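Participant: The structure that follows is given in the form of structure tokens.
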Amino acid sequence: MAGESIIREPTESEKQNFVDIMKPSYDTNFIKEMRKKEFEYAKKYQPFCRRCCKLDFEDAVAQLKLNITRFRGQNKVDSLVNIGSMDKYADKKRFELLMESEANDQIVVAGRREPRVVGWHVDYKCNVRGCNITVDMPLDVYDKWKGIKPADKK
Ligand SMILES: [Zn+2]
């Protein structure tokens, strides 16, 4: 409720999950945490919706700033935004698989350039805001994901 949230010192565990929008570096901290989370899922070749993550954060900041300007009185309004819940931007239910396409590279075979498949582009759509996300997978990761064994290939 607006006006009911009173500013207070966050506990140690909260400090890791919250950014204080009254501090000048608040968005730097947010971006840093978001990149960390994005990298965590990129290493697993799983989609992470950075666009939604950023938009939700910007919305939360805008709402808080509005509350702060509207609030009158001795107590200040809470200025902390929770950023500790970024795993939801990688929730599998969030994504629809759109398309898989080969990633080609050119190699020279007997003096001629020939395309060679080096991996796959896997395109997803985020169901929340229609964001497009592409995950690039090396061949071995793609085969494992699809359950393709080396013996199945020619
Ligand atoms: Zn999204």
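Participant: Ser85: under 20 Å from Phe18 (Cα atoms), loosely packed, with under 13 Cβ neighbours inside 10 Å and modelled with pLDDT under 95, yes or no?
Facilitator: Yes.
Participant: Taking the criterion of being modelled with pLDDT under 95 and within 16 Å of the ligand (Cβ to nearest atom), would at least one residue in region 95-116 satisfy it?
Facilitator: no
Participant: So, in region 118-133, how many residues would count as being within 10 Å of the ligand (Cβ to nearest atom) and within 30 Å of Gln106 (Cα to Cα)?
Facilitator: Of the residues in that region, 4 qualify.
Participant: Looking at (1) under 12 Å from Cys49 (Cα atoms); (2) among the hydrophobic types (A, V, I, L, M, F, W, C); (3) surrounded by fewer than 14 Cβ atoms within 10 Å (Cβ to Cβ), can you tell me which one Val128 breaks?
Facilitator: So Val128 meets the others, but not (3).
Participant: Still on this structure, I have one more. Output yes when any residue across region 135-148 is without any contact (Cβ under 8 Å) to a residue 60 or more places away in the chain, in contact with a Cys (Cβ under 8 Å, 6 or more places away or on another chain) and not hydroxyl-bearing (Ser, Thr, Tyr), and no when none is.
Facilitator: No.
Participant: Also: When only residues in region 45-63 that are within 22 Å of Asp20 (Cβ to Cβ) and surrounded by fewer than 19 Cβ atoms within 10 Å (Cβ to Cβ) count, which is nearest to the ligand (Cβ to nearest atom)?
Facilitator: Among them, the one singled out is Leu55.
The values are calculated or read from the model by the stated rules, or taken from the named source; none is laboratory data. Just so it is clear, the model here is predicted, and its values are computed rather than measured. Neighbour counts are summed over all protein chains in view; Cβ atoms, including those assigned to glycine, are modelled from backbone coordinates with ideal geometry.
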